[in-house]
Amino acid sequence: MSELEHLLESNKRWAKEQLGKKPDFFSELSQQQAPEYLWIGCSDSRVPANQITGLPPGEVFVHRNIANVVVHSDLNCLSVVQYAVEVLKVKHIIVCGHYGCGGVKAAMENKEHGLIDNWLRHIRDVYRFYRSEIDSCTGEEAQLDRLCEKNVVEQAFNICSSTVVQNAWNKGSELSVHGWIYAVKDGLLRDLEVSMAGLADFEKASK
Ligand code: CO
């Protein structure tokens, strides 16, 4: 028996349960996906997009990487954004970070972590940008949490300045970008209130 047999068994139970609730669940889903949301979050196993938002399969398009970073030249992330905006026509892009993020913590440290340090440099840039505000927080945990918040805000700006989102707004598409943060400690999401619904919002917020 495979070591992963329990996962395959659990999948069978799950599929059966779904059919019990809605017999045409999978046949309907197999026809199309029409999610309204694109989620850009951290790869952290404790922050699964569908589960924490209570959304079933088919309702949220997801991209996750270490520390929910949106890099202007990351073809992987940009391809996800393009497909979500131009083909699926999602109405909301949610950049979601989380408190206590290991990637953000590593970016603040002066330790070597290997290849990943190159990825974390992007967060180090955010740290440098907000250094005085972050350093004025009392205690390491508060400083880390503030950088986790600022990282979400900056990545939301990066999404907004991508050609995909700029083009969508220029065409008048209904598309909003939001910044949220999740606390593993209490299971709750918080809106960082940096939502931008068009070029005017973006220009005002980025001044
Ligand atoms: Co994380």
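Only one entry in 151, 167 is open to solvent by less than 20 Å² (accessible area, probe 1.4 Å) and polar (S, T, N, Q), namely 151.
Evaluate the stretch 14-23: report whether one residue or more is assigned to a helix (DSSP H, G or I), within 26 Å of the chain's Cα centre (by Cα) and outside the structural domain of residue 76 (by TED's automatic domain parsing). It would help to see each step written out before you state the result.
Applying the first criterion (assigned to a helix (DSSP H, G or I)) to the stretch 14-23 yields 14-21.
Applying the additional criterion that residues be within 26 Å of the chain's Cα centre (by Cα) yields 14.
From what's left, outside the structural domain of residue 76 (by TED's automatic domain parsing): 14.
Looking for residues that are assigned to a helix (DSSP H, G or I), within 26 Å of the chain's Cα centre (by Cα) and outside the structural domain of residue 76 (by TED's automatic domain parsing), one finds at least one in the stretch 14-23, hence yes.
Please enumerate the residues belonging to the stretch 44-63 that are closer than 16 Å to residue 90 by Cβ and either within 16 Å of the ligand (Cβ to nearest atom) or part of a strand (DSSP E or B) (or both). Answer for the stretch 44-63, where residues must be closer than 16 Å to residue 90 by Cβ and either within 16 Å of the ligand (Cβ to nearest atom) or part of a strand (DSSP E or B) (or both): 49, 60, 61, 62, 63.
Go through the stretch 56-77 and report how many residues are within 12 Å of residue 38 (Cα to Cα) and not basic (Lys, Arg). Don't jump to the end; show me each part of the working.
Start the filter on the stretch 56-77 by keeping residues that are within 12 Å of residue 38 (Cα to Cα), which leaves 58-64, 77.
This time we only want the ones that are not basic (Lys, Arg), so: 58-63, 77.
Result for the stretch 56-77: 7.
Could you check how many residues of the stretch 23-40 are closer than 23 Å to residue 89 by Cα and either in contact with a helix residue (DSSP H, G or I) (Cβ under 6 Å, 6 or more places away or on another chain) or acidic (Asp, Glu) (or both)? Step through it out loud before you land on a result.
If we filter the stretch 23-40 for residues that are closer than 23 Å to residue 89 by Cα, which is where we start, we get 25-40.
Adding the requirement that they be either in contact with a helix residue (DSSP H, G or I) (Cβ under 6 Å, 6 or more places away or on another chain) or acidic (Asp, Glu) (or both) leaves 25, 28, 36, 38-39.
Residues in the stretch 23-40 being closer than 23 Å to residue 89 by Cα and either in contact with a helix residue (DSSP H, G or I) (Cβ under 6 Å, 6 or more places away or on another chain) or acidic (Asp, Glu) (or both): 5 in total.
Residue 104 falls short of the stated requirement of being within 14 Å of the ligand (Cβ to nearest atom), assigned by TED's automatic domain parsing to the domain that holds residue 184 and in contact with a strand residue (DSSP E or B) (Cβ under 6 Å, 6 or more places away or on another chain).
Would you confirm whether or not the stretch 69-87 contains a residue that is in the same structural domain as residue 159 (by TED's automatic domain parsing), assigned to a strand (DSSP E or B) and either modelled with pLDDT of 95 or more or within 16 Å of the ligand (Cβ to nearest atom) (or both)? No, that holds for no residue.
Six or more apart or on different chains, Cβ atoms under 9 Å: show the pairs whose first residue is in the stretch 93-114 and farther than 14 Å from residue 192 by Cβ and charged (D, E, K, R) and whose second is open to solvent by less than 10 Å² (accessible area, probe 1.4 Å) and near the ligand (Cβ under 9 Å from one of its atoms). Sorted first by the residue in the stretch 93-114, then by its partner, the pairs are 105/148.
Condition test on residue 152, is it of a type in the set (Val, Ile, Thr) and not in a helix (DSSP H, G or I)? So residue 152 fails the test.
Per-residue answers, yes or no, for (1) assigned to a loop (DSSP other than H, G, I, E, B); (2) open to solvent by 10 Å² or more (accessible area, probe 1.4 Å); (3) in contact with a Pro (Cβ under 6 Å, 6 or more places away or on another chain):
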position	(1), (2), (3)
147	no, no, no
177	no, no, no
181	no, no, no
185	yes, yes, no
189	no, yes, no
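Among the candidates 75, 8, the residue that is open to solvent by 80 Å² or more (accessible area, probe 1.4 Å), over 30 Å from residue 152 (Cβ atoms) and not β-branched (Val, Ile, Thr) is uniquely 8. Only one of the numbered conditions (1) touching a Ser or Thr at 6+ places or on another chain (Cβ under 7 Å); (2) more than 21 Å from residue 189 (Cβ to Cβ) is violated by residue 74, and that is (1).
Taking the stretch 122-142 on its own, how many of its residues are away from the ligand (no atom under 16 Å from the Cβ) and in a helix (DSSP H, G or I)? Write out each step before concluding.
Step one: list which residues in the stretch 122-142 are away from the ligand (no atom under 16 Å from the Cβ), which gives 125, 128-140, 142.
Now narrow it down to the ones that are in a helix (DSSP H, G or I): 125, 128-129, 131-135, 140, 142.
Number satisfying all stated conditions: 10.
The values are calculated or read from the model by the stated rules, or taken from the named source; none is laboratory data. Everything numeric in this text was worked out from a predicted model, so none of it was measured. Using ideal geometry, Cβ is built from the backbone for each residue, glycine included, and neighbour counts are taken over all protein chains shown. These area figures cover heavy atoms from the full protein model, side chains too; ligands, DNA and RNA do not enter into them. Shrake-Rupley method; radii C 1.70, N 1.55, O 1.52, S 1.80 Å.
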